[in-house]
Amino acid sequence: MVLWLIGMMGSGKTSVGETVASALGLSFIDTDMLITSVSARSIPEIWQEDGEESFRELERQMIASAAGSGPAVVATGGGVVLDRENIERMRSSGLVVWLSASPRALEERIGRAGGRPLLAEGAPVDRLKALLEERLSRYSEAAHIEIPTDDRTIDEIASDVIGQWTAS
């Protein structure tokens, strides 16, 4: 069974995922890191050279790979829920935990959007609000459990995730 972490960029998926995987003695997989490793390019390079559609195809492949990897904690990209195939694959292969956060908290964590193609134009907080609005129903549909992350430490969030994992 896979423990999937979904949520917006800056919600803590990678940091929480590494902490949870270490505590549970499971492998940790970050799908964005897999994409950059497989393609030998950064995510901004993929977006610029090939476009969002090519990136999403690579993401779909990494989700399929992670779903078949055996017990693991997987941090996904923020837009993973835009693809219904990803949602179905994640829900059928494990527990999907949505790390939710307000646009304010996301902006504080991300800073000035270095290396984030979706935040390259306009004010980051406005773009984050729009992206969150666009994705909210998909996160809700994909998640078995929602864990709010605003004003909480990585360890507090990880503890909640571990509690949900062991209860499932």
* GLN61 fails exactly one of the following numbered conditions: (1) polar (S, T, N, Q); (2) over 28 Å from SER159 (Cα atoms); (3) touching a strand residue (DSSP E or B) at 6+ places or on another chain (Cβ under 6 Å). What is the number of that condition? -> (3)
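Where residues in the range 40-62 are part of a helix (DSSP H, G or I) and touching an Asp or Glu at 6+ places or on another chain (Cβ under 8 Å), which of them is surrounded by the most Cβ atoms within 10 Å (Cβ to Cβ)?
Start the filter on the range 40-62 by keeping residues that are part of a helix (DSSP H, G or I), which leaves 43-50, 52-62.
With the extra rule that they be touching an Asp or Glu at 6+ places or on another chain (Cβ under 8 Å), the set shrinks to 43, 56, 59-60.
Details: ILE43: 19, ARG56: 16, GLU59: 24, ARG60: 16.
The residue in question is GLU59.
Determine, yes or no, whether LEU128 is closer than 23 Å to MET33 by Cβ, modelled with pLDDT of 90 or more, in contact with a Leu (Cβ under 7 Å, 6 or more places away or on another chain) and not in a loop (DSSP other than H, G, I, E, B). Full working, then the answer.
Details: closer than 23 Å to MET33 by Cβ: yes; modelled with pLDDT of 90 or more: no; in contact with a Leu (Cβ under 7 Å, 6 or more places away or on another chain): yes; not in a loop (DSSP other than H, G, I, E, B): yes.
The answer is no for LEU128.
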* the range 12-33, subset over 13 Å from the mean Cα position of the chain (by Cα) and assigned to a helix (DSSP H, G or I), residue surrounded by the most Cβ atoms within 10 Å (Cβ to Cβ) -> VAL20
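The values are calculated or read from the model by the stated rules, or taken from the named source; none is laboratory data. Computed from a prediction, not measured in an experiment: that's the story for all the values here. For neighbour counting, all protein chains shown are included, and Cβ atoms are generated from backbone atoms with ideal geometry for every residue, glycine included.
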